[in-house]
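Bear in mind that the values in this text are calculations on the coordinates, not laboratory data. In this text, all values refer to a predicted model and were calculated from it rather than measured experimentally. So basically every Cβ, Gly included, is an ideal-geometry build from the backbone, and we count neighbours across all protein chains shown.
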Amino acid sequence: MMDVKVLAIAPYEGLKEMILGLAEGQDMELRVETGDLQQGLKYAEEAASSGTDIIISRGGTAKLIQSRVAIPVVEIEVSGYDMLRVLTLAKGYPGKVAIVGFAQVVAGAAAVCEVLDMKISSYTVQDESGVGQVLQELREQGYQIIVGDVITVKEAEKLGLIGFLLTSGKESVLRSFQQARKWHALFEACKREYGMAYQVLQAEQAGVAVYDREQRQVFGNPYFNRQIAPFMDSEKIGRIVREILTEGTFHTMLEQAERIWRVSGYPLPGPDGPLAVLRIASGKSRDELRLRGASLVPAEAGFRAAQVAGNIVSHNSNMRHALDKAQSYRDQQLSVWISGEKGTGKELLAQFIHFGGERGLRPFLKIECGLASQDLWDMLLNEERNEELFGSLGRGTVFLRDIDGLGEAEQKGLADYLDKHTPAFQWIVSSREDILERTESGGFSAELYYRLAEVTLPLPSLRERKEDIEGLSLLYINEYNAKYGKQVAGLRDEAREALERFEWRGNIHQLRQVIEEAVLLAKGLYIEQGEISEVLSTRRMRTEYGKPDFDLSGTLEEIEQRIIQQVLMEEGMNQVKTAERLGISRTTLWRKIK
């Protein structure tokens, strides 16, 4: 049988000598080095790149190594017997005694003290930097003896205190040898049984990694280690690992480094508890997906939006009712139809429903129905192609924004898809406020409407909730004070009344723009009526003839964008009709609005 190649890194010299003394006859090719934390990590990284199978270490050094290398790391524990030996020794020494260390060690030592009725105080530190301060305070309180790990004892001796090291006994060392052999046997068995599969895994152009229940990486194929691990957010990976170990099979999508990554995972039994297997494959680039009319809303932005929506305080009964309904829909497997005028906050509420509930860690895929390319719709409605998007959604959400911008063919195709499929993800759709009227008159597919409108959530326009204008304005003033370094304290009554008289065809979105400009113009502590009137005069959306009155300030490109957005709105966000009316190709339109 081939000996397992092991590097043991001992944080103190006595442990090195014990490891060497116990290694004889252990069927291991063993090398032992003495080094704490960074020095130990250096030894470990060199060993990982030179064919070492297993690393053995202890305490903080072991944890640091586990977070930085891909080969298995076995930790030499401080057992109850080890603690008992040291605490018995410390108890017999005259003077005040305290145990200082990380939570796991302190909890174990405190439990031993309680069982044996030892009157020894214990103090927990969160990281290495907090040890010195705790020890300084204990010295001032008259403590003389400190029980702890290598770092604690070194710091105690610097302060003139007596340090009692929690050493690992031979039982713990022998147990680590046993664990090392078990890990090696598992990996060797896998290599023998799945040798070809292992080679395929190593050459796979997708990332494959295995994590233990402490979210430590125990395996990563070359693609994962080189192409994914260096830039992938460790917090995101940690959330995924927890989901896999808690819920089982898992699918999601992540946006990272300007690409959309498709993630799948499942639990796997391991020698020391369950493991989480991840497969991460690169999908479309973020910009390519957006050009087709779809985007993945980052979790961070979604959680912020959900928090904003959750903190909205409205004096309008219809708006309060809408918010209450949205809250009750958050964790339901129901299709939600949100209707309202442009700018009333439909997308914000959709994100509140998704990110404010149990689905919050799952993907939120937004599809701009009026702008989605034909290729995107073909992909979504074709079973052979939609796996790329829908296959990684799991129990996420697909948000169909401005669904009334869909053409007749797309409406029929989506209705047929819904007739044949019941996906795990949730549908949320948004439309203009007159969608039911259009459906009843044949202007929109009744079959599609009734399939997706399991529950409805109509939003009032800002004209219908003018009692909220002041509160919203103050929120936006606070936001733009921070953004622009202003100190505006509020609105004059005349300015507020001017806002309440305005028609607000652009609703909340338009109000936000007006307040932003007014904050920039404000010369005093309060926004005056004249400043509001100046801003409103440039933003009126209709003239006395009922036609759009465009703001012609800014660059030619900015004016062009305003015209395109107005025509899009008038054409119900339908890209084909907009391009025809503007006399440009659909490709040119996409380039101008991307």
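Numbers at a glance
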{"quantity": "Two-site label geometry, Leu174 and Leu201: point separation in nm, points 7 Å out along Cα→Cβ", "calculated": "3.3 nm"}
{"quantity": "Fraction of alpha-carbon pairs over 39 Å apart in the chain - percent", "calculated": "50 percent"}
{"quantity": "Difference of contour (0.36 nm per residue) and Cα-Cα distance, Gln561 to Tyr194", "calculated": "126.3 nm"}
{"quantity": "Using alpha-carbon coordinates, inclination of helix 13-22 to the longest axis of the chain, degrees", "calculated": "70 degrees"}
{"quantity": "Karplus (6.51, -1.76, 1.60) ³J(HN,Hα), θ = phi - 60°, over segment 51-58, in Hz, Gly and Pro reported as x", "calculated": "x, 5, 7, 9, 10, 10, 8, 9"}
{"quantity": "Angle between the chain longest axis and helix 317-329 axis [Cα atoms, degrees, rounded to 10]", "calculated": "40 degrees"}
{"quantity": "Packing rank of 71-78, 194-201, 209-216, where each peptide gets the mean count of other beta carbons within 10 Å, highest leading", "calculated": "71-78, 209-216, 194-201"}
{"quantity": "R0 of 25 Å, Cβ-Cβ distance Val308-Ser328: FRET efficiency to nearest 0.05", "calculated": "0.85"}
{"quantity": "Distance between modelled label sites at Glu433 and Arg31, nm, 7 Å Cα→Cβ extension", "calculated": "7.5 nm"}
{"quantity": "Over segment 293-459 - Rg/Rh using Cα atoms and the Kirkwood inverse-distance radius", "calculated": "0.95"}
{"quantity": "Percent RCO, i.e. relative contact order, over segment 286-381, from Cα pairs under 8 Å lying at least 6 residues apart", "calculated": "49 percent"}
{"quantity": "Charge dipole of the chain about the Cα centre (unit charges at C-beta), most positive-ward option of Ile260, Leu365, Met28", "calculated": "Met28"}
{"quantity": "Helical contribution to [θ] at 222 nm, DSSP H n ≥ 4, -39,500 (n - 2.57), averaged over the chain, rounded to 500", "calculated": "-14000 deg cm²/dmol"}
{"quantity": "Mean Cβ neighbour count within 10 Å, used as a protection proxy, ranking 393-402, 469-478, 373-382 highest first", "calculated": "393-402, 469-478, 373-382"}
{"quantity": "For the chain, share of DSSP beta bridges that run antiparallel, in % to the nearest 5", "calculated": "40 percent"}
{"quantity": "For segment 293-459: relative contact order, % (alpha-carbon pairs under 8 angstrom, 6 or more apart)", "calculated": "33 percent"}
{"quantity": "Extension gain from Glu454 to Glu358, taking 0.36 nm per residue of separation minus the Cα-Cα distance", "calculated": "32.6 nm"}
{"quantity": "Rounded tilt (10° steps) of 103-115 against the dominant C-alpha axis of the chain", "calculated": "50 degrees"}
{"quantity": "Alpha carbon centroid spacing (whole Å) that separates segment 235-271 from segment 18-53", "calculated": "32 Å"}
{"quantity": "Asn382/Ser50 FRET efficiency (R0 56 Å; Cβ-Cβ; nearest 0.05)", "calculated": "0.70"}
{"quantity": "The chain - percent relative contact order, Cα under 8 Å, separation 6 or more", "calculated": "9 percent"}
{"quantity": "Cα-derived Rg to Rh of segment 463-537, Kirkwood definition", "calculated": "0.92"}
{"quantity": "Potential lengthening between Lys592 and Ala185 on full extension [0.36 nm per residue; Cα-Cα distance subtracted]", "calculated": "140.5 nm"}
{"quantity": "Net charge dipole size for the chain [Lys, Arg +1 and Asp, Glu -1 on Cβ; Debye, nearest 20]", "calculated": "400 debye"}
{"quantity": "Dimensions (Å) - segment 198-260, Cα atoms, principal axes, largest first", "calculated": "30, 29, 19"}
{"quantity": "Separation between Cα centres of segment 131-181 and segment 92-124, rounded to whole Å", "calculated": "11 Å"}
